[in-house]
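Heads up: the structure comes next, in C-alpha cells.
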Amino acid sequence: MNTAWLRWHVLEDPEAVAHAVARRILRAAERAQEDRGRFRIVLAGGTTPRRTYQILARAQSDWSRWAVYFGDERCLPREHPERNSRMAAEAWLDHVPIPATHIHPIPAELGPLEAAHRYAAVVAQAVPFDLVLLGVGEDGHTASLFPGQEHDPEEWVHAVFDAPKPPPERVTLSVRALSAAHEAHALVTGPSKCGAVHRWRTGEDLPIARVRSHTGLDAWLDRAADACGYTAHPSTESPGSERS
Ligand code: 6PG
C-alpha cells in the first residue's frame, strides 16, 4: 500500500533505523521549540525503540522544553522491569535533564480502568502532540491496540483487559490520540516483523494501518523486516540509504 501519506524507509539494519529516527526526533524537537516553544513526544514501548532512546541519551537538545508521554503501558507495578516507562527511563530519560514534571507516565499500576480514566485527562490537555513513536507487533498491533479488539473511537485512552501479548491488562492511547500529532514514526525491525509489514503494505486493516498523523506516517524498516512478500534482491543501494 503506497499512498502519499504513508512513507516507507528501508535501511540496512536496526542500528541505521535507530540513528535515522533519532535524527528525525531531534530535528522535530528543534522545529517545534522554535514554532511553539515546546516539544511533546509520545514514546513507543517494547524493545525496538531502546537503541533510539540510547542515542537520544547522548544527544544535545534543550531538554527543558521537552514533554514526554507514553503510547501505552502494561499494568504492572511502577518500577517493574517490564514497564515501558522503566525501559525509556533506563535507556534515556534518566540521563537527560527533562524536568520530572514534564514526564507523564501512564499510572497503569492503578489497573486498566482507573489508569485510562486518569490518562485521558492528560492526553486531552496535551494534544496535538508534536511527534508520536510507534512499535509494531508480529500481528500488526501498535501500542496496545490489537487486531480484533475494537474500542470506542471517540476515547483518547482505552483500557485493555485481554491483550494477546502479556501482560493481558494494559492501557493504550487510541487511534484518535496517536493520530492527533504533527508527525508519526513507526519503527519495525527484524525478520519476525516481515509478515506484519507485508500485510500492512498490501492494505490489510491492521491497528498500525489506522494511525495517520497530520502529515501521515513514516515507517522505518530494516531489510529483514522488509523481506517478506517478494524475493529479496541483492541490495544495490549504498548502505544506510533510504528507499521511500
Ligand atoms: C508493548 C508495546 C508494543 C510493542 C510491539 C513491538 O507494550 O509491548 O507497546 O506495542 O511496541 O509489541 O514490540 P518489540 O519492539 O519488542 O518488538
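Bear in mind these aren't lab numbers, they're just calculated from the coordinates by the rules spelled out. Bear in mind the structure is a predicted one, so any value in this text is a computation, not a measurement. Neighbour counts run over all protein chains shown; Cβ positions are idealised from the backbone, glycine included.
Things worth noting here:
- Dipole of the chain computed with +1 at Lys/Arg Cβ and -1 at Asp/Glu Cβ about the Cα centre; of 10, 85, 175, farthest Cα towards the positive end is 10.
- Averaging 1/r over every pair of different alpha carbons in the chain and inverting the result gives a Kirkwood radius of 18.0 Å.
- Each of 40, 223 was scored by other Cβ atoms within 10 Å of its Cβ. Listed from fewest to most, they are 223, 40.
- Applying 1/(1 + (r/R0)^6) with R0 = 30 Å to the Cβ-Cβ distance of residue 34 and residue 82 gives a FRET efficiency near 0.20.
- Note on 194, 75: ascending count of other Cβ atoms within 10 Å places them as 194, 75, the fewest first.
- Across region 63-104, the residues whose backbone nitrogen lies under 20 Å from the label position 7 Å along the beta-carbon direction of residue 54 are 81-97.
- Estimated dipole of the chain in Debye, rounded to 20 [Cβ of Lys and Arg +1, of Asp and Glu -1, Cα centre]: 460 debye
- Cys with no candidate disulfide partner in the chain (beta-carbon separation under 4.7 Å rule): 75
- Counting neighbouring Cβ atoms within 10 Å and putting the fewest first, the residues 48, 142, 202 line up as 202, 48, 142.
- For region 108-145 versus region 4-69, the gap between their alpha-carbon centres in whole angstrom: 18 Å
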